[in-house]
Amino acid sequence: MRDGFRWDAADVYLFDIDGTLLNSRDSVHYMAFRSAMRHVLGLDATIDHVPVHGNTDPGILRAVLRKEGISDAAIDVGMPHLLQQICSEVDRNRDQLCPELCPSIMELLTSLRSQGKLLGVASGNLGPLGRLKLEKAGLTEWFSFGAFSHPLELRRDIFLEGIEQARRLRGRDAQVFVVGDTPADIEAAASAGVPVIALATGVYDFPSLLKCGPEACFACATDLLAFSVAKT
């Protein structure tokens, strides 16, 4: 924790979904990318060799298609159809979704809610996919609003949209913190001008996140809550 920073001082908390709230123990989202590219473009490609963690769904698609030699202009034309196909494919296979909550996430949400905090999500997922993951994980009721990808593509812009929604709901002077699990979350939060709490519950370990300079960094929400108890 940075000197003087209080992790529980915000009015509003914006949570990333994948790796922060939950981890998906299935391949539904992954396979939907491949199916969409095959269906829309006749392209047999995977997302294996592009950055995924901390990226956005449109950003992942763009990176794959650029590697396949497709121009940004052509990608822009095909993007809406590709994204719709991804959403449709995931919805068709929704029964196979197996989200697993990250450690002590329910306890953290309960603690924040009991303090009167407003909770939202800011995720690189497409809206229908992010909401479906929350539903399958039993988290929908905890969040009052959400910012997702498309038409937004950059994580910073998604965070800015989440901040704007938060301040419309809680007031223009509301203090907003981001909770994320990747260097991209830390960078985007800093660019958006809000503090970030990093949890090493995704693919990045604690030292990797700590060196990115978040305001607070914990191995998981269990340690965050334990730290708070120890400080009282």
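A few comments on the model shown:
- Highest-fluctuation residue, GLN175, GLN165, GLN115 considered, GNM on the chain with Cα pairs under 10 Å: GLN115
- Segment 1-157 shape via C-alpha gyration tensor axes, a/c threshold 1.5: prolate
- Fluctuation leader among PHE159, PHE148, PHE33 - the chain, Gaussian network, Cα springs under 10 angstrom: PHE33
- Accessible area per residue for segment 1-89, computed on protein heavy atoms with a 1.4 Å probe, is 47 Å².
- Between ASP205 and ARG92, the C-beta separation translates, for a Förster distance of 45 Å, into a calculated FRET efficiency of about 0.80.
- Shape call, segment 84-167: gyration tensor on alpha carbons, a/c limit 1.5: oblate
- Counting 0.36 nm for each residue step from ALA226 to HIS49 and taking away their Cα separation leaves a gain of 59.9 nm.
- Residues whose amide H lies under 5 Å from that of ASP26, counting only those 5 or more places away or on a different chain, are CYS98; hydrogens are built 1.01 Å from N in the peptide plane.
- Per-atom-type breakdown for segment 34-164 gives carbon and sulfur 49% of the accessible area (1.4 Å probe, protein chains only).
- Accessible area in square angstrom per residue, segment 107-232, 1.4 angstrom probe: 44 Å²
- In a DSSP loop and with at most 14 other Cβ atoms within 10 Å, the trypsin sites (Lys or Arg not before Pro) in segment 1-67 are ARG2, ARG6, ARG25.
- Nearest-20 debye value, the chain charge dipole, Cβ charges on Lys, Arg, Asp, Glu: 280 debye
- Placing a label point 7 Å from the Cα of SER144 along the Cα-to-Cβ direction, the residues of segment 157-174 whose backbone N falls under 16 Å of that point are 162-174.
- Extended-chain gain in nm, criterion 0.36 nm per residue less alpha-carbon gap, HIS39 and MET106: 20.3 nm
- When the chain is described by a simple charge dipole with +1 on each Lys and Arg Cβ and -1 on each Asp and Glu Cβ, the residue from CYS102, TRP142, HIS53 located farthest towards its positive end is TRP142.
- Per-residue [θ]222 nm for the chain (sum of -39500 (n - 2.57) over DSSP H runs n ≥ 4, rounded to 500): -14500 deg cm²/dmol
- Under 5 Å from the amide H of GLY146 lie the amide H atoms of VAL121, each residue being 5 or more positions distant or on a separate chain, with H modelled from the backbone and absent for Pro and chain starts.
- Applying a DSSP loop filter and a limit of 15 other Cβ atoms within 10 Å to the trypsin sites (Lys or Arg not before Pro) in segment 141-201 leaves ARG172.
- Cα long-axis angle, helix 155-170 against the chain (0 to 90 degrees, to the nearest 10): 50 degrees
- Assigned charges on the beta-carbon of Lys, Arg, Asp, Glu; segment 1-105 dipole about Cα centre (debye): 220 debye
The values are calculated or read from the model by the stated rules, or taken from the named source; none is laboratory data. Since the structure is predicted, the reported quantities are computational estimates derived from the model, not experimental observations. Note: ideal-geometry Cβ built from the backbone for every residue, glycine included; neighbour counts use all protein chains shown. With ligands, DNA and RNA removed, areas are computed over all heavy atoms of the protein, side chains included. Shrake-Rupley method; radii C 1.70, N 1.55, O 1.52, S 1.80 Å.
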